[in-house]
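One structure is given below, encoded as C-alpha cells.
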C-alpha cells in the first residue's frame with residue numbers, strides 16, 4: 001500500500017479523539033485493485049490488446065491483490081457492522097502474478113502469442129509484492145468474524161502516535177511475520193479457472209457497454 005494512503009487512513013482515524021465528530025460513524029475500508037474500475041489493470045490490458053499496443057509490465061514476478069466490484073461493495077456494507085467508529089477494515093483477498101494474468105488475458109481475447117510486452121520497470125515507490133498491512137498494524141490488529149468472512153480491524157491511532165508508529169516505523173515489513181498477508185503467498189492465488197471466468201465476465205461487460213452506447 002502506498003505511503004500516502006496509509007498516512008491518510010491514520011490521520012483520518014486519529015480524529016476519533018475529537019468528541020464533536022462522534023455523532024456520525026466513520027470507518028476506513030482498505031481496497032486494492034478493483035476489477036473493471038477506472039484506471040484498474042483490466043481495462044488497461046483490454047485497451048492495449050484491442051489497439052494492438054504492447055502490454056506494459058513493471059516486473060514479471062510482480063503480484064497484486066484483486067477484488068470484484070461486488071466484493072468491494074460488500075466490504076463497505078460489512079464494515080458498518082464489524083467496525084467501531086474510526087477503525088480501518090481489511091479483508092483477505094485473492095492475488096495473482098501479473099505475468100500469469102497477462103497470459104490468460106491474451107488467451108481469452110484470442111490473441112496469437114508471443115505478444116509484445118514492454119517492460120517499464122518498478123517505479124521508486126512501488127513494491128514487487130503487496131502486504132495487506134504493516135508490521136506495526138499487525139501487532140495492534142483485532143479480528144472480527146461473520147458468517148461469511150474474517151475481517152481484520154486496525155484500531156484508530158492517537159494523534160501523538162502518528163509520528164512514532166507511522167512516520168518512523170510504518171515501512172517496517174518483517175517478511176516472515178507478514179507472509180500470511182502478502183500477495184505472493186501461493187495459497188491466495190486465483191486458480192486459472194477463476195481468472196478465466198473473471199476476464200470473460202469483464203470482456204462480456206465491456207462488449208455490452210459498447211453495444212448500449214451504439
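Where a number appears in this text, it was derived from the coordinates with a stated rule and is not lab data. It should be emphasised that the depicted structure is a prediction, and the values quoted were computed from it without experimental measurement. Here Cβ is always computed from backbone atoms with ideal geometry, including for glycine, and neighbour counts include all displayed protein chains.
Points worth noting:
- Difference of contour (0.36 nm per residue) and Cα-Cα distance, residue 51 to residue 12: 9.9 nm
- Computed over the stretch 3-213, the ratio Rg/Rh where both radii use C-alpha atoms and Rh is Kirkwood: 1.01
- Two-site FRET efficiency, residue 74 against residue 99, from Cβ-Cβ distance with R₀ of 22 Å, rounded to 0.05: 0.15
- Going by neighbour counts of Cβ atoms within 10 Å, the residues 150, 32, 121 line up, fewest first, as 121, 150, 32.
- Full extension of the chain segment joining residue 140 with residue 126 gains 2.5 nm, where the gain is 0.36 nm per residue of separation less the Cα-Cα distance.
- Backbone N under 16 Å from the residue 4 label point (7 Å along Cα→Cβ), restricted to the stretch 105-128: 123-127
- Cα-projected label distance for residue 148 with residue 40, points at 7 Å along beta-carbon direction, nm: 1.6 nm
- Computed E for residue 201/residue 24 - FRET, C-beta separation, R0 25 angstrom, nearest 0.05: 0.10
- Sorted fewest first by neighbouring Cβ atoms within 10 angstrom, 64, 30, 123, 140 come out as 123, 140, 64, 30.
- Taking 158, 101, 178 and counting other C-beta atoms within 10 Å, the order from fewest to most: 158, 178, 101
- DSSP beta bridges in the stretch 3-213 [antiparallel fraction, %, rounded to 5]: 60 percent
- For the stretch 43-98, the fraction of alpha-carbon pairs in successive 10 Å shells from zero, as %: 18, 33, 27, 17, 4
- Alpha-carbon centroids, the stretch 103-124 and the stretch 64-79: separation in whole Å: 26 Å
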